[in-house]
Every structure is written in C-alpha cells, then in structure tokens.
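Structure first, then comments.
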Amino acid sequence: MQAITIIGAGLAGYTVARELRKLDKTVTLTIITADDGGFYSKPMLSNAFAQNKPAAQLLTQTAGQMATQLDAKIVTGARVNGIDRVRNTVNTGAGHFEYGKLVIAVGAQPIRLAIDGDAADQVLSVNHLHDYAVFRSRLDLTQPGARVAILGAGLIGCEFADDLAGANHAVTLIDPNPLPLAALAAPALSHGLQAALTARGIALRLGTTAARIDRSAGGLRITLADNSAFETDIVLSAVGLRPDLALAQAAQLQTGRGIMVDATGQTSAPDIYALGDCAEYTVEGGTRILPYIAPLMTAARAIARTLTGQTTAIDLKPAPIIVKTPCYPLALMPPPLHAIDAGHWHSETGNERTICRFYDSQGIMLGFGVAPQEAGVRQALLASLGTADAMKPQQTNPI
Ligand SMILES: Cc1cc2nc3c(=O)[nH]c(=O)nc-3n(C[C@H](O)[C@H](O)[C@H](O)COP(=O)(O)OP(=O)(O)OC[C@H]3O[C@@H](n4cnc5c(N)ncnc54)[C@H](O)[C@@H]3O)c2cc1C
C-alpha cells in the first residue's frame with residue numbers, strides 16, 4: 001500500500017490516522033502539522049473556564065505519545081506551504097515529504113472583522129489550544145473578574161459567554177441580530193437563551209456591531225455602531241470560521257466555501273482527500289461545510305476504508321448541534337437554508353421544556369430545537385425528522 005501523509009493534527013487528521021490504524025497496522029503514516037501536535041478535544045475550549053482548567057490539563061496526549069500510539073511519524077511545527085501534485089510531495093520549511101496518498105485536514109481560520117481603532121489588533125479568537133492558553137493568560141492579568149466583550153452571539157460566542165460568566169468574569173455579548181443564536185435556533189429558543197444569559201449576569205448588546213476598539217486609560221474602549229461605548233479588558237471574537245483553502249487553491253484543487261470533496265471524501269485530484277473544518281462535503285441535494293465533530297468522525301471512518309482499498313461513501317446522518325450553555329442547554333437541528341422562507345416554526349412549552357419544530361409547507365418536519373435538551377427527547381425528535389408524524393405534537397409528544 002502507498003505511504004499515507006496527513007496534513008493537520010486536529011481531530012480530523014488524528015481521527016483518520018486512528019481509523020486507518022484499525023484497518024492497517026503496517027502502512028507508512030506521516031502526519032505533518034503546523035502546531036505542536038498535542039491531542040486535545042476542541043469542544044472543551046468553550047467549556048473549560050468555569051472549571052478553571054489550564055491549557056495543560058486539556059492536553060490529553062503529546063505528539064510523541066500520539067506517534068507511538070499511531071505508529072506514525074509526526075512532524076510538528078512544520079507548516080505545509082505547497083503540494084506538488086506532479087512529484088507527489090508536500091513542501092514545508094522543514095523540507096519536502098513524499099506521499100502516496102494525501103489527506104488534507106487543515107481546519108478553518110477565524111474570520112477577522114474589519115474594525116477601526118488603535119486597538120483593533122488586540123482582538124483575540126480561540127480556535128486552538130494555544131489560543132486558549134493565550135486568552136487565559138490575558139484573563140489572569142486582570143483577575144479577579146476581567147471584563148470580556150465577545151463579538152458574536154452564535155454558537156461559540158454564547159458558549160464562551162456562559163462559561164466565562166461561570167468563572168466570574170463580566171461578559172458583554174455583542175451581535176448584529178436581534179436575538180442570540182439567531183441563525184440556528186427558533187425564535188422561542190433564542191428568547192429563552194437570551195433570558196437565561198441575562199439572568200447569568202451577561203450584558204447583551206444586540207442589533208449592533210463593534211465599530212471601533214481603542215486603547216483607553218482603563219483598558220480598551222469599544223464603540224458600537226449605535227454610537228454607544230463602554231470599557232472592557234479583553235475583546236474576544238467569535239464571529240465564525242472560514243475553511244482554510246490556501247493550500248488547496250495553490251494546488252489547484254477544486255474549492256467552493258471549502259475544499260470540495262466527493263461522496264468518498266476525495267478532492268478533485270485522485271489520491272488527495274480532505275475532511276474536517278476545511279472540507280465541503282457532498283450531501284443529498286448539494287454540498288455543505290459541516291464544522292462539527294460528528295461529520296468529521298463519519299468522514300474519517302469512510303476515508304480510512306477508502307485509503308485501504310475499500311471505496312466507501314461518507315454516510316452523513318443528521319446530527320443535532322448540542323449547545324454547551326449550562327444556563328440553558330439546547331439541542332438544535334436547524335432546517336435547511338432553502339426551506340426557511342417557505343416553512344414555519346411551531347413552539348410549545350410544557351414541563352419546563354420548550355420544543356420547537358420546523359415544518360415545510362407540506363407539513364413535513366425539517367428541523368427542531370429543544371431546551372433544556374436531553375438525549376431521550378433529542379432522539380425522539382430526530383426520529384420524526386423528515387416525516388409528518390410530529391404534526392400533532394400533543395399525540396406524538398405529550399408535553
Ligand atoms: C470553541 C469551540 C467549541 C466547539 N464545540 C463543538 C461542539 O461542542 N461540538 C461539535 O461538534 N463541534 C464543536 N466545535 C467544532 C469542532 O471542534 C471542529 O469542527 C473540529 O475540532 C475541527 O477539527 P479539524 O481537525 O478539522 O480542524 P483543526 O482542529 O483546526 O485542526 C487543523 C490542524 O491543521 C494544522 N494546519 C493548518 N494549516 C496547516 C498547514 N498549512 N500545514 C500543516 N498543518 C496545518 C493545524 O495546526 C491543526 O493541527 C467547536 C469549535 C470551537 C472552536
């Protein structure tokens with residue numbers, strides 16, 4: 001079997017490697033990564049402040065331990081800056097590496113908002129363990145109780161807000177939408193989350209954006225688009241991630257919002273695969289970026305089988321997004337974008353739980369959300385997805 005090289009040592013890269021080793025103990029496996037190759041669970045990054053966990057505690061295995069476990073060569077601190085598809089090599093500052101088959105798992109980059117002001121460059125974002133360590137050290141400088149302004153009340157912004165409030169920091173959450181989680185949740189659940197975050201002591205500045213960030217005597221001064229201003233110690237951006245396409249585009253692989261892959265995870269080049277936050281998967285009815293753990297695990301299993309000669313399609317199943325906001329734990333299955341204008345949300349509250357179902361014009365349930373969420377309710381809703389069974393909620397789900 002041809003030697004396999006993986007670019008990236010995040011959950012996507014390491015999961016392919018693990019799945020591969022379950023199927024083949026002997027193939028030569030090389031992992032090249034720009035970071036230090038330590039293994040950690042990224043979802044922990046927005047849930048670890050309230051538990052006061054330093055970065056070192058989130059690291060579960062070092063690159064050396066991973067190399068032993070995977071029987072792989074792991075090249076750390078080596079950013080791949082080119083893929084030579086004729087010579088089958090990847091190029092790094094540390095030299096060229098040959099590949100037989102290549103897997104790209106380079107993740108995504110935080111989106112940088114264009115903000116004016118002499119402190120606009122002070123905005124932090126947390127997408128890696130190293131970012132988390134930097135952010136924690138900034139918080140430590142202003143203990144106890146730093147003032148943190150978070151840009152973006154989406155999934156990650158709300159999780160950080162709840163977690164930081166749980167660690168006794170004074171949080172302000174800023175978002176141009178009128179409600180938190182506006183892009184993912186039914187309005188009834190967004191209202192519920194807004195109330196819970198407010199009760200947690202978080203200040204919500206909704207319907208506006210940060211226009212300027214300047215240095216001030218007391219730290220940083222944020223001026224919002226509505227011309228109001230306030231002082232903060234730290235600004236954290238959580239406005240989203242963009243798949244990292246630089247390598248793929250330089251190698252002339254087909255890209256859209258992400259690196260385009262077919263049903264097996266193969267890019268437009270034979271012998272090159274992609275998965276994780278950098279990929280744009282082929283799904284029923286089109287293509288989608290899916291920057292979550294469940295799809296990358298499914299993709300990793302399929303790609304590992306394909307790499308070992310058993311061509312396997314990535315069988316992506318609908319998986320609810322679990323929002324890790326302990327003050328109001330949610331599970332969300334947003335309806336497909338194309339269906340939103342032609343459908344409606346039906347919300348019901350009972351037994352201290354709110355369940356929202358999204359129906360298309362034919363009465364088919366295409367999405368849902370629930371808070372507080374728990375596995376049993378989540379699974380029941382998932383089972384009704386794509387059917388008209390849930391049209392009469394009092395019969396199917398008496399709450
Ligand atoms: C705070 C936070 C909380 C989250 N919570 C959840 C959750 O609860 N549930 C869920 O499903 N998802 C969650 N996610 C999303 C999930 O964590 C990601 O989808 C997943 O971790 C992405 O893994 P990845 O390996 O594709 O990318 P990354 O983890 O970004 O890994 C990319 C790797 O590629 C390396 N790399 C990049 N460029 C190069 C290069 N040119 N050369 C060499 N190496 C390179 C990097 O060093 C890194 O090792 C969360 C994300 C964040 C940020």
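Read the figures in this text as sums done on the coordinates, not as results from a lab. Computed from a predicted model, the values in this text were never measured in an experiment. Here the Cβ is made from the backbone with ideal geometry for all residues, glycine too, and neighbour counts use every protein chain on show.
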- Using alpha carbon centers only, region 194-233 is separated from region 89-131 by a whole-angstrom value of 28
- Item | Spin-label model distance (nm) - Arg215 vs His338, 7 Å beyond Cα toward Cβ | 5.2
- Message: At 0.36 nm per residue, and after removing the present C-alpha to C-alpha distance, how many nm does the segment from Ala133 to Asn227 gain when stretched out fully?
- Response: 30.6 nm
- Message: Using a 10 Å cut-off around each Cβ, can you sort Val75, Val283, Val86, Val103 from fewest to most neighbouring Cβ atoms?
- Response: Val86, Val283, Val75, Val103
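State the extension gain, in nm to one decimal, for the chain segment bounded by Tyr292 and Ala195, taking 0.36 nm per residue of separation less the distance between their alpha-carbons.
32.3 nm is the gain from fully extending Tyr292 to Ala195.
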- Note on the structure: When Arg357, Arg18 are ranked with the fewest other C-beta atoms within 10 Å first, the list becomes Arg18, Arg357
- With N denoting the number of residues in region 336-377, provide Rg(C-alpha) divided by 2.2 N^0.38 Å, to two decimal places. 1.24
- Please turn the phi angles of region 76-89 into ³J(HN,Hα) values with the Karplus equation 6.51 cos²θ - 1.76 cosθ + 1.60 (θ = phi - 60°), one per residue in order, whole Hz, x for glycine and proline. 9, x, 10, 7, 6, 10, x, 10, 9, 6, 7, 8, 6, 10
- Restraint check, Lys22/Lys317; Lys25/Lys101; Lys42/Lys101; Lys53/Lys73; Lys22/Lys73, Cα-Cα greater than 20 Å: Lys22/Lys317; Lys42/Lys101; Lys53/Lys73
- Dividing the helical contributions, -39500 (n - 2.57) per DSSP H run of n ≥ 4, by the residues of the chain yields a 222 nm value, nearest 500 deg cm²/dmol, of -7000 deg cm²/dmol
- The ³J(HN,Hα) series, computed from each phi in region 9-19 with the Karplus coefficients 6.51, -1.76 and 1.60 at θ = phi - 60°, rounded to the nearest Hz and given as x for glycine or proline, is 10, x, 4, 5, x, 5, 6, 4, 4, 4, 5
- Residues meeting the amide H criterion for Ala3 (H placed from the backbone, H to H distance under 5 Å, 5 or more places apart or on another chain) are Gly100, Lys101
- Message: Please compute the Kirkwood hydrodynamic radius over the chain, one decimal place, Å, based on all pairs of different Cα atoms.
- Response: 22.6
- Query: Which ordering of Thr282, Thr5 is given by a fewest-first count of other beta-carbon atoms within 10 Å?
  - Reply: Thr282, Thr5
- Item | Amide proton proximity set for Arg205, modelled H, under 5 Å, gap of 5+ | Leu173, Ile174, Asp175
- Which whole-Hz ³J(HN,Hα) couplings does region 210-223 yield from phi under the Karplus relation 6.51 cos²θ - 1.76 cosθ + 1.60, θ = phi - 60°, glycine and proline marked x? 7, 9, 9, 10, 10, 6, 9, 4, x, x, 10, 10, 9, 9
- Could you order peptides 294-302, 92-100 by the average number of other Cβ atoms within 10 Å of their residues, highest first? 294-302, 92-100
- Message: Please list, by residue number, everything in region 71-85 whose backbone N is under 18 Å from a paramagnetic label point 7 Å out along Cα→Cβ of Gln61.
- Response: 71-77
